[in-house]
Structure formats: C-alpha cells, structure tokens
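S.K.: Would you mind keeping the following structure in view while I ask a few things?
The values are calculated or read from the model by the stated rules, or taken from the named source; none is laboratory data. In this text the structure is predicted, and so the values were computed from the model without any measurement. Please note: Cβ atoms are built from the backbone with ideal geometry, for glycine as well, and neighbour counts cover all protein chains shown. Please note that ligands, DNA and RNA were not included when accessible areas were found on the heavy atoms of the full protein model with its side chains. Shrake-Rupley method; radii C 1.70, N 1.55, O 1.52, S 1.80 Å.
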Amino acid sequence: MDMSCFSLEGKIALITGASYGIGFAIAKGMAAAGATIVFNDIKQELVDKGLAAYKEAGIKAYGYVCDVTNEAAVNELVAKIEQEVGVIDILVNNAGIIKRIPMVEMTAEQFRQVIDVDLNAPFIVSKAVIPSMIKKGHGKIINICSMMSELGRETVSAYAAAKGGLKMLTRNICSEYGEYNIQCNGIGPGYIATPQTAPLREIQPDGSRHPFDQFIVAKTPAARWGDADDLAGPAVFLASDASNFVNGHILYVDGGILAYIGKQPK
Ligand code: NAP
Ligand code: GCO
C-alpha cells in the first residue's frame, strides 16, 4: 500500500481557535504531514502568541483574528485566506467553550453562548468553506466533538447539547456533501489536559489531586488524562486521502473511557 495517502503535502488546513490547546496540537501534526497551517483566534494578542508558538515549533503559520460566531467575519476570513494563502482543503472546527453551571442556575443567555460557539460556529464556518471545496472537487471537515456527544454529566447541559448536535451536524454534512468528495467526520477527545480542563485537575488545598481528576483516571482504561498531542495522528488520518471512504464517523480518542463501566470502588 502506498503510504503517501497519509500525506497532507500541498493541502491548506484552517484550524479554528488554534493558538494553543487541542487545536494547536492538531495543527502541529498536520504541519508535520505537510499541510500549510492557517488558524484564527478571537484576540490579536492570542493570534500573536500562537504565531510565536508555531514559529518556535518551526511552523510558518498564517494567523487571523476572527470570532467564529460572527458569520460576516467568518465569510470575510475565508475570502481573505483564499486570497492570501489559497483555497481551504481541510477545516478543523476546534474553537469551543464550556460553562460548568448546574442547569437550573444557568441563564438562557449563558446556554446560548455555549451553543453559539460550539454548534452554530461549526455550521457557519463549514458553510463558508464548502462551496470552494465543491469547486475544487474535494474537502475534509473535522468537527471536534466530545465524550459529551454521547454522555451527560452534572453542570454541562449546554456543552453536551452542543456537542451532541455537533455529532449530528457532522453526519448531516456527510449526507449532504459526500457526493462532492467532501468527507466530514468528528473527533471525540476524551479528557485532555488543556486550559479548558485545568479547573478539573487543580491540586486541592490539602495537596491532594482534584476528586474529578481521580475519577477520570479511574474511569479511563489508559489510566491517564489525554495529552493534546494524542489527537494529532487521528486528525492527520481524517484530513488525509487515507480516510477518503470514511464519512460521518465520530472517532473517539478517549483512552477507552467510552468502552469501560469503571472499577469497583475499593
Ligand atoms: P481551550 O484550551 O479552551 O481552547 C479553546 C480555543 O478556542 C481557544 O484558543 C479559544 O480562544 C478559542 N475560541 C473560543 N471561542 C472562540 C470564538 N468565538 N472564536 C474563535 N476562537 C474561539 O480548549 P481545548 O481543550 O483546546 O478544546 C478545543 C476543542 O476541543 C473544543 O471544541 C473543546 O470543546 C473540545 N474538547 C476538549 C476536550 C478536553 O478535555 N480539553 C475534550 C473533548 C473536546 P480564546 O483563548 O481567545 O478564548
Ligand atoms: C467536563 C470536561 C469535558 C471535556 C470533554 C470530554 O467538564 O466534563 O470539560 O467536557 O472537556 O468534552 O470529552
């Protein structure tokens, strides 16, 4: 088998919200496979921080300021990228937020904010890039889903609703645009050590590990939190020609947590 099917040489990848965290790790992996990296963040200072981090990693990335919930700004961003870099071959809808609030204490506005970033924005950005992918005759869209695309837990009602919706948006883009050689898949990370989950890993005043940290390690067959770099290989696979007949699939990269009922407490 010709392994060049895993190469991303000559491909342009837009990873949203990729100044750091999972997006940054996925971008590094795609760059290593030959892709040209384009990313955005909400604030110039974060774009600058991201550009410096990419440069330090030996990657010449293109960074733009853009709030992915703003459709006009996203359309402008895509047009600018097409003009300055080229047509986007690979889109990773990575930008996301979470608000951990008990549902009955969460305001409708807070719920909407999470849905806006985690579900509406992937719709907006995908809609902006698909026409050019159709013209080009191919495209890859990777939506960063979650364990919460399958499971619920206390305080994450908005996030779970968004990520569950993102799973089905992934399947619908697959259904609607598969005939144009566009593959739309999801990656469902398990619990990954990034700024987003830092509050769940804080060392307690008595020096012990956070109870949720202990819970997740016990619930994960790999017996560890994931590292953002654990997601790079799966992302390269879904961005490459190696996955041209994989469509509408959510690839869980979770150390086995979804497969495991959990240990009997000692
Ligand atoms: P993170 O560390 O909080 O990074 C999120 C990134 O998204 C930041 O760069 C953030 O920029 C950006 N962002 C947020 N709102 C944005 C907007 N409106 N427009 C543009 N950029 C925006 O999160 P992460 O842990 O890397 O997670 C990345 C993705 O993976 C998210 O979709 C998350 O839901 C998902 N995920 C994470 C885990 C995990 O355990 N960490 C597991 C499963 C899925 P700012 O810094 O400017 O806000
Ligand atoms: C939480 C975590 C999770 C992870 C991830 C798991 O509060 O439960 O933040 O939601 O971010 O989505 O896959």
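S.K.: Report the charge-dipole magnitude of segment 162-235 in Debye, nearest 20, computed about the Cα centre from +1 at each Lys and Arg Cβ and -1 at each Asp and Glu Cβ. Write out the running numbers ahead of the final one.
M.R.: Working: 7 positive and 8 negative charges, 46 e Å.
Computed charge dipole of segment 162-235: roughly 220 debye.
S.K.: If you don't mind, there's one more thing I want to ask. With the dipole of segment 1-120 worked out from charges on the C-beta (+1 for Lys and Arg, -1 for Asp and Glu) around the Cα centre, which of 10, 72, 57 lies farthest toward the positive end?
M.R.: 57
S.K.: Taking the Cα centre of segment 124-186 as origin, work out the dipole magnitude from +1 charges on Lys and Arg Cβ and -1 charges on Asp and Glu Cβ, in debye rounded to 20. Show your work: numbers first, answer last.
M.R.: Details: 8 positive and 4 negative charges, 40 e Å.
So the magnitude is around 200 debye.
S.K.: Okay, next question. Shape verdict for segment 23-93, please, from the Cα gyration tensor: rounded (a/c under 1.5), prolate (a/b greater than b/c) or oblate. Please report the intermediate quantities before stating the final value.
M.R.: On the way: a/c = 1.86, a/b = 1.31, b/c = 1.42.
Oblate, since a/c reaches 1.5 and b/c is not below a/b.
S.K.: Among all the lysines, which ones have a C-alpha under 21 Å from residue 263's C-alpha, if same-chain residues fewer than 8 places away are not counted?
M.R.: In chain and number order, the partners are 219.
S.K.: Quick one: 3J(HN,Hα) in Hz for segment 52-67, Karplus 6.51/-1.76/1.60 with θ = phi - 60°, rounded, Gly and Pro as x.
M.R.: Residue by residue, segment 52-67 yields 5, 5, 5, 4, 4, 8, x, 10, 8, 9, 10, x, 9, 7, 6, 8 Hz.
S.K.: Using alpha carbons only, how many degrees (0 to 90, rounded to 10) separate the axis of helix 157-177 from the longest principal axis of the chain?
M.R.: Rounded to the nearest ten degrees, it is 30.
S.K.: Additional query: Dipole of the chain (Lys/Arg Cβ +1, Asp/Glu Cβ -1, origin at the Cα centre): which of 258, 246, 172 lies farthest to the positive side?
M.R.: Working it through, the farthest residue towards the positive pole turns out to be 258.
S.K.: Suppose a student asked you for the relative contact order of the chain, using Cα pairs under 8 Å spaced at least 6 residues apart; what percent would you report?
M.R.: 20 percent
S.K.: Report the relative contact order of segment 122-189, percent, no decimals, based on alpha-carbon pairs under 8 angstrom and at least 6 residues apart. Write out the running numbers ahead of the final one.
M.R.: On the way: 85 pairs, mean separation 29.3, N = 68.
The normalised contact order for segment 122-189 reaches 43 percent.
S.K.: Something else now. Kindly provide the helix-only [θ] at 222 nm of the chain, computed as the sum of -39,500 (n - 2.57) over DSSP H runs of four or more divided by all residues, to the nearest 500 deg cm²/dmol? Write out the running numbers ahead of the final one.
M.R.: Details: 8 runs with 101 residues, N = 266.
Calculated mean residue ellipticity at 222 nm is -12000 deg cm²/dmol.
S.K.: Can I ask one more? Under a 1.4 Å probe, what is the accessible area of the chain per residue, stated in Å²? List each step's numbers first, then the result.
M.R.: On the way: 12620 Å² over 266 residues.
Averaged over the residues of the chain, the accessible area is 47 Å².
S.K.: Students often forget the sequence filter, so: which lysines lie under 23 Å Cα-Cα from residue 55 once same-chain residues fewer than 8 apart are removed?
M.R.: 11, 28, 43, 80
S.K.: Classify segment 159-237 as rounded, prolate or oblate from the Cα gyration tensor: take a ≥ b ≥ c as the square roots of its eigenvalues, call it rounded if a/c is under 1.5, otherwise prolate when a/b beats b/c and oblate if not. Don't skip to the answer; put the middle values down first.
M.R.: Working: a/c = 3.42, a/b = 2.40, b/c = 1.42.
Judged from the Cα gyration tensor, segment 159-237 comes out prolate (a/c at least 1.5, a/b above b/c).
S.K.: Rounded, prolate or oblate: which one fits segment 22-154, using the alpha carbon gyration tensor with axes a ≥ b ≥ c (rounded when a/c is under 1.5, else prolate when a/b beats b/c, else oblate)? All intermediate terms of the calculation are to be shown ahead of the outcome.
M.R.: Numbers: a/c = 1.78, a/b = 1.52, b/c = 1.17.
It comes out prolate by the Cα gyration axes.
S.K.: Determine the sum of side-chain charges near residue 54: Lys and Arg each +1, Asp and Glu each -1, restricted to other residues whose C-beta is under 13 angstrom from that of residue 54. Intermediate values should be presented prior to the final figure.
M.R.: Values: positive: 28, 49, 55, 60; negative: 41, 48, 56.
Net charge in that neighbourhood comes out at +1.
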